[in-house]
Amino acid sequence: MINSHARSRETLNQRWRRLALLAALVVGVVVVGIAMRWERNWYVSVNWTESLTHWAFIVDRTAEPVVGDYVEFVPPENRYYKNINFVKQIIAGPGDVVVCDGRRFFLDGELIATAKTHSQGGYPLTLGPCGEIPEGQYFVVTPHKDSFDSRYGEIGYVARTHILGVARPIL
């Protein structure tokens, strides 16, 4: 009696081990598949400046950006930042009209940004573009006073072709 009970228990343990091995194999295949799709369609980005309240984002390469989205983009060459992508929020898109009054920028009568005259390093900053935003272009800003964004000519409008993806805040 003890031997048959021990054998059935051993058989049950073997079944559980095989089932656990099969489950681990299935989970492994699923994880590898997700990782391959993840890398192709999404990635994690970190904002290294204080310009945004969020500092970590999942960037979706497949999403089409719209006004209100955060986007990660490759900025034009400038004297302030080298080899770093920016994450900013789209405030206005194609067909929207950005109005300038001195160093203040307005959209639909609302103040959206104020440009500084000089960088933190003391370099003069040029004003960004005003007027109707062309097709395939976006006006991007963050609320931080020291944000380097579309309010400055060094960045200007951001072309859709320079946008890497829609950045969704996670932290």
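The values are calculated or read from the model by the stated rules, or taken from the named source; none is laboratory data. For clarity, every value in this text was computed on a predicted model and none was experimentally measured. Neighbour counts are summed over all protein chains in view; Cβ atoms, including those assigned to glycine, are modelled from backbone coordinates with ideal geometry. Only protein heavy atoms, including side chains, enter the accessible area calculation; ligands, DNA and RNA are left aside. Shrake-Rupley method; radii C 1.70, N 1.55, O 1.52, S 1.80 Å.
Tabulated values for the structure
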quantity: Which numbered condition Y123 misses (of (1) free of Cβ contacts under 8 Å to residues at least 60 places away in the same chain; (2) under 30 Å from I58 (Cβ atoms); (3) among the aromatic types (F, W, Y)); calculated: (2)
quantity: Extreme residue, surrounded by the fewest Cβ atoms within 10 Å (Cβ to Cβ), among residues of the range 52-79 that are in contact with a Lys or Arg (Cβ under 8 Å, 6 or more places away or on another chain) and in a strand (DSSP E or B); calculated: I58
quantity: Residue within the range 135-150 that is in contact with a helix residue (DSSP H, G or I) (Cβ under 8 Å, 6 or more places away or on another chain) and of a type in the set (V, I, T) present; calculated: no
quantity: Residue match in the range 116-135 (condition: assigned to a strand (DSSP E or B), aliphatic (A, V, I, L, M) and open to solvent by less than 10 Å² (accessible area, probe 1.4 Å)); calculated: no
quantity: Lone unmet requirement of (1) assigned to a loop (DSSP other than H, G, I, E, B); (2) in contact with a strand residue (DSSP E or B) (Cβ under 8 Å, 6 or more places away or on another chain); (3) open to solvent by less than 40 Å² (accessible area, probe 1.4 Å) for G156; calculated: (2)
quantity: Every residue from the range 40-51 that is touching a strand residue (DSSP E or B) at 6+ places or on another chain (Cβ under 6 Å) and in a loop (DSSP other than H, G, I, E, B); calculated: N47
